[in-house]
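Here's the structure we're looking at; comments come further down.
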Amino acid sequence: MGLRIWPLLCGTIRSNKGLVNTLGKDVDKWVDNPSVIWYIEGAKEKILVDTGMADEERANKWHYPGSRRTPDQEPQNALRRIGVRAEDIDIVIYTHLHWDHCHNADKFKNATFMVHRDELSFAIAPIPPYYRSYEALAIGLRPPFLEIPFETITKEKEVAKGVTVFPTPGHSPGHQSVAVETDKGVYVITGDAVFVYENWEGDSERKMRFWPIGRYYDIGKVWESFERIAEIADFILPGHEMKVFEREAYP
Ligand SMILES: [Zn+2]
């Protein structure tokens, strides 16, 4: 059997749609965004993409009030429901190190953790507007990634047979996405390079092939990363899209 991808719900984050998800569109709307981790099944190694958000109290106090996380949404419990033990994960790939993607790493005791080097260096010393995103020491927090013994990546790399990590900066300086070769085509786990399917639909009237995400570090790179993903992907799985749960696994 070929590779399969399981999206797992690890909580929800309440945010303004026009500020975070779709730049300048629906600025009066509030949405509950899923915090998603992705289990890739079928390779020799057991692979996970991202390790999920902070606990509910921390999420509400420091990030987005109205965020939720139940005990069964903790990553190790979400994985157990599909028959995978956290300690059996061999590889964890990080799309980036924002607070909603890299908590809970201590549950994966036997994994190799991979992150882009540009992401790690920025996360360690972010500019002030990103102190909360990375839970910086500068504001008295302890970044969740400090204890992770990372292996750093600097360019496109096949990390397991059929699973390739490639740089997609823009949302954050060292963001990366994951291409998974399945029997039905290439699925790209975009991370926050693409927040929701609406980013991918664009706006033909404005001659925009894509609709930008609302939260970004470099809008030029956001656009180039959209184009790079479009070159590689037959299908995309966006970072904060509730519709990915309409199917249990892909393909
Ligand atoms: Zn995110």
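The values are calculated or read from the model by the stated rules, or taken from the named source; none is laboratory data. Because the structure is predicted, anything quoted here is derived from the model rather than measured. Glycine gets a Cβ as well: all are built from the backbone with ideal geometry, and neighbour counts include every protein chain shown. Calculation scope for accessible area: heavy atoms of the full protein, side chains included, ligands and nucleic acids excluded. Shrake-Rupley method; radii C 1.70, N 1.55, O 1.52, S 1.80 Å.
The table that follows gives values for the structure above.
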item: Trypsin sites (Lys or Arg not before Pro) lying in DSSP loop within region 22-55, provided at most 13 other Cβ fall within 10 Å; result: Lys29, Lys44
item: Gyration tensor over alpha-carbon atoms, region 1-90, equivalent ellipsoid semi-axes in Å; result: 29, 16, 9
item: Hits among aspartates and glutamates - C-alpha to C-alpha of Lys155 under 16 Å, sequence gap 8 or more where chains match; result: Asp118, Glu119, Glu224
item: Whole-percent carbon and sulfur share, accessible surface of region 169-251, 1.4 Å; result: 44
item: Helix-only [θ]222 nm of the chain, DSSP H runs n ≥ 4, -39500 (n - 2.57) each, per residue, nearest 500; result: -4500 deg cm²/dmol
item: Per residue solvent-accessible surface (Å²) - region 4-243, probe of 1.4 Å; result: 44
item: Label-point separation, Lys155 to Glu45 (7 Å along Cα→Cβ), nm; result: 1.9
item: Formal net charge of residues neighbouring Tyr217 (Cβ-Cβ distance under 15 Å; K, R +1; D, E -1); result: -2
item: 12 Å Cα-Cα reach of Lys46 towards aspartates and glutamates, excluding residues that sit fewer than 8 places from it in its own chain; result: Glu87, Asp88, Asp90
item: Pairs beyond 23 Å (Cα-Cα), from Lys107/Lys184; Lys25/Lys61; Lys17/Lys221; Lys157/Lys207; Lys61/Lys243; Lys107/Lys243; result: Lys107/Lys184; Lys25/Lys61; Lys157/Lys207; Lys61/Lys243; Lys107/Lys243
item: 12 Å beta-carbon shell around Thr51, net charge (K/R +1, D/E -1); result: -3
item: Formal net charge of residues neighbouring Lys155 (Cβ-Cβ distance under 14 Å; K, R +1; D, E -1); result: -2
item: Accessible surface of region 1-115, 1.4 Å probe, proportion on carbon and sulfur as whole %; result: 48
item: Region 106-148 and region 178-244: distance between their alpha carbon centers, rounded to Å; result: 24
item: Alpha-carbon centroids, region 9-57 and region 64-80: separation in whole Å; result: 11
item: Solvent-accessible surface (1.4 angstrom probe) belonging to Trp99, in square angstrom, nearest 10; result: 10
item: Region 211-251: trypsin sites (Lys or Arg not before Pro) in DSSP loop, at most 12 other beta carbons within 10 Å; result: Arg247
item: Interchain or long-range residues, amide H under 5 Å from His116's placed H; result: Ile153
item: Region 88-236 - Rg and Dmax from Cα coordinates, angstrom; result: 15.7, 50
item: Lys/Arg +1, Asp/Glu -1 at C-beta; the chain dipole; positive extreme among Ala59, Cys102, Pro149; result: Ala59
item: The chain: Cα Rg divided by the 2.2 N^0.38 Å rule of thumb; result: 0.93
item: Distant-in-sequence amide H partners of Tyr131 (H built 1.01 Å from N, under 5 Å); result: none
item: For region 33-164, size of Cβ-based charge dipole, Lys and Arg +1, Asp and Glu -1, in debye; result: 100
item: Sparse-neighbour loop sites [trypsin sites (Lys or Arg not before Pro); region 64-93; at most 13 other C-beta within 10 Å; DSSP]; result: Arg81, Arg85
